[in-house]
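Below is one structure, written out as C-alpha cells; comments come after it.
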Amino acid sequence: MTVKKYLYSIVCILFFANCGGGGDDGPAPLPQPPTAAELVFPLENSECTEGVITASNLSTSTITFEWELAENTDSYELTVTNLNTNNSETFTSLSGFQEVTLNRGVPYSWYITSKNSETLESAKSAIWKFYNAGEGATNYPPFPADLLEPTSGYTVYSTNSSISFLWKASDIDNDILSYSLFLGTNNPPDNSIATNISEQNFVYATPAVGTYYWLIKTEDANGNISTSQVSEFKIE
C-alpha cells in the first residue's frame, strides 16, 4: 500500500467514526413551567408584629417576607399592595425571602409569582392579607372586602328579574358586624341600597339598562369601617 492510499484510509476511518458512531440524542427537552410558591410569612389574616421599626421614621417598619421555594423556578416576584390606596410594589428575589419597608397600621395583601428564564410561563401563589402592626393598636378595621360577583366588566341582561351580589371579607379581630352595599351610575357609587347585611351576599331587583358601579363597606363591632374597591358591570 502506498503512503497516499494509507493516509486516505486513515482519513476515511476517522470521518466515519465521527459521523456514524455518535448516535442521535434527539432534541433537547422543553423547559418545565414553574410551580406556584407556598406562602409562609406574614401569615394570612394576621397582625404582623415582627417588623423592625425604622429608626428615622417611626411610622414605618421593615418586614421579611418568606415563602417556600418552587420547582422549576429561578426567580420570584413579590407583589405587595396597600389595601387602603390599592397601590402595589413589586420586588424581585432569587431566594425565598425579601425585606420590604411598609407603613405601620396599614392593611396589605401579598403574593409571589414564580418565574423561569427559559420559558414565558409563570405561576402565581395564593394572595394573603395582613395588617402591619401600628403603635398602640388594639383593634383593626376589617380588611376591604373582595368583590366576587358580578365581576368587573360583566354584562347582566335586563330579562333577568334580579342580580346577585357576592363578596368575601375578613377581619383579624373576627368582629365583623355588618355590610352595606352601594350601587349607582356614579363612580364611586354614593347610593346605599342595603345596610346591616349580615351575610356576604345580597339579591337585588335588576335596575334599568346602563353601566353601574358597586362597592361594599364592612363595619366591625368597634365601629371601624373599611371600603372595598369599586367594580363595574352593565345591564343590557
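Stretched out straight at 0.36 nm per residue, the stretch from T64 to L148 would grow longer than its current Cα-Cα span by 27.2 nm.
Mind putting a number on the dipole of region 162-236 about its Cα centre? Charges go on the C-beta only, +1 for Lys and Arg and -1 for Asp and Glu, and I need it in Debye to the nearest 20.
280 debye
Both radii are taken from the alpha-carbon atoms of region 146-235; with Rh as the Kirkwood radius, Rg/Rh is 0.98. Taking other residues whose beta carbon is less than 12 angstrom from the beta carbon of L177, and scoring Lys, Arg as +1 and Asp, Glu as -1, yields -4.
Divide by every residue of the chain the summed helix terms, -39500 (n - 2.57) for each DSSP H run of at least 4, and state the resulting mean residue ellipticity at 222 nm, rounded to the nearest 500 deg cm²/dmol.
Details: 1 runs with 18 residues, N = 236.
Taking each H run of at least 4 residues, the total per residue is -2500 deg cm²/dmol.
Other residues lying with their Cβ under 13 Å from the Cβ of P141 contribute a combined charge of -4, Lys and Arg counting +1, Asp and Glu -1. Find the relative contact order for region 39-132 and round it to a whole percent, using C-alpha pairs within less than 8 Å whose residues are 6+ positions apart. With pairs under 8 Å counted, the relative contact order is 34 percent. Calculation over all alpha carbon pairs of region 39-132 in 10 angstrom steps from 0 returns a P(r) of 16, 49, 27, 7, 0 percent.
The fewest-to-most ranking of D220, D173 by surrounding Cβ atoms within 10 Å reads D173, D220.
As a rough footprinting exposure proxy, the listed residues L39, L166 were ranked by other beta carbons within 10 Å of their own, and the order from fewest upward is L166, L39. P107 sits among other residues whose Cβ lies under 14 Å from its own Cβ, and their net charge, with Lys and Arg +1 and Asp and Glu -1, is -4. Among D146, D175, the order by Cβ neighbours within 10 angstrom, fewest to most, reads D175, D146.
Taking only Cα atoms of the chain, what ratio of Rg to Rh do you get with Rh as the Kirkwood inverse-distance radius? Provide the component values of the computation, followed by the final result.
Working: Rg = 28.8 Å, Rh = 22.0 Å.
Answer for the chain: 1.31.
A short reminder: the numbers here are calculations on the coordinates, not readings from a lab. Since the structure is predicted, the reported quantities are computational estimates derived from the model, not experimental observations. FYI the Cβ positions are ideal-geometry reconstructions off the backbone, even for glycines, and counts take in every protein chain you see.
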